[in-house]
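Here the structure is laid out as structure tokens; the discussion comes afterwards.
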Amino acid sequence: MAYKFNVFTGTLDIVGSSSSGGVNGVPPTTIDAIARWADTTGTTIKNSPGTYVQDGGALETQGFVGSRSITTEVQIPSQNYMIAAELEIELTGTLEIEPDGELIIL
């Protein structure tokens, strides 16, 4: 099995085909919908109707559910922002806001 360093995530990714034969989809599917796991096998994905990715990178969704508690490390990169309705940083959590990053608490 071969690995390749992913510069975006800082992790090693498996490259090449998987021993299980890849990923299968559960029909029907919607163009631009986000795929999500359909079961715990790691080989089957399903459609997410109502949640789409535009070609420019914007997300279309019917709503957003977020956690109010940060329990691990959360980073807000430069020229990005995070919007939170309320925010609590647990003892195990950290929030790193890079220069020109923005945190908006409603």
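Some values worked out for this structure:
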{"item": "Options L12, L95; residue that is surrounded by 10 or more Cβ atoms within 10 Å (Cβ to Cβ) and touching a residue at least 24 places away in the same chain (Cβ under 8 Å)", "result": "L95"}
{"item": "Residues satisfying the stated conditions in segment 9-38, i.e. modelled with pLDDT of 80 or more and either among the charged types (D, E, K, R) or at positive phi (or both)", "result": "D32, R36"}
{"item": "Qualifying residue in segment 72-82 (condition: modelled with pLDDT under 90 and among the aliphatic types (A, V, I, L, M))", "result": "no"}
{"item": "Matching residues, segment 76-101, being over 30 Å from N47 (Cβ atoms) and outside any loop (DSSP other than H, G, I, E, B)", "result": "I76, E88, I89, T94, L95, E96, I97"}
{"item": "Total residues in segment 23-47, condition under 30 Å from T94 (Cβ atoms) and surrounded by 12 or more Cβ atoms within 10 Å (Cβ to Cβ)", "result": "2"}
{"item": "Number of positions in segment 39-68 that are hydrophobic (A, V, I, L, M, F, W, C) and modelled with pLDDT of 85 or more", "result": "4"}
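Residues checked against (1) over 17 Å from the mean Cα position of the chain (by Cα); (2) surrounded by fewer than 12 Cβ atoms within 10 Å (Cβ to Cβ):
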residue	(1), (2)
G57	no, yes
S67	no, yes
I76	no, no
L87	yes, no
L91	yes, yes
E102	yes, no
I105	yes, yes
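The values are calculated or read from the model by the stated rules, or taken from the named source; none is laboratory data. Quantities reported herein were computed from a predicted structural model and do not represent experimental measurements. Ideal geometry is used to build each Cβ from the backbone, glycine not excepted, and the neighbour counts take in all protein chains shown.
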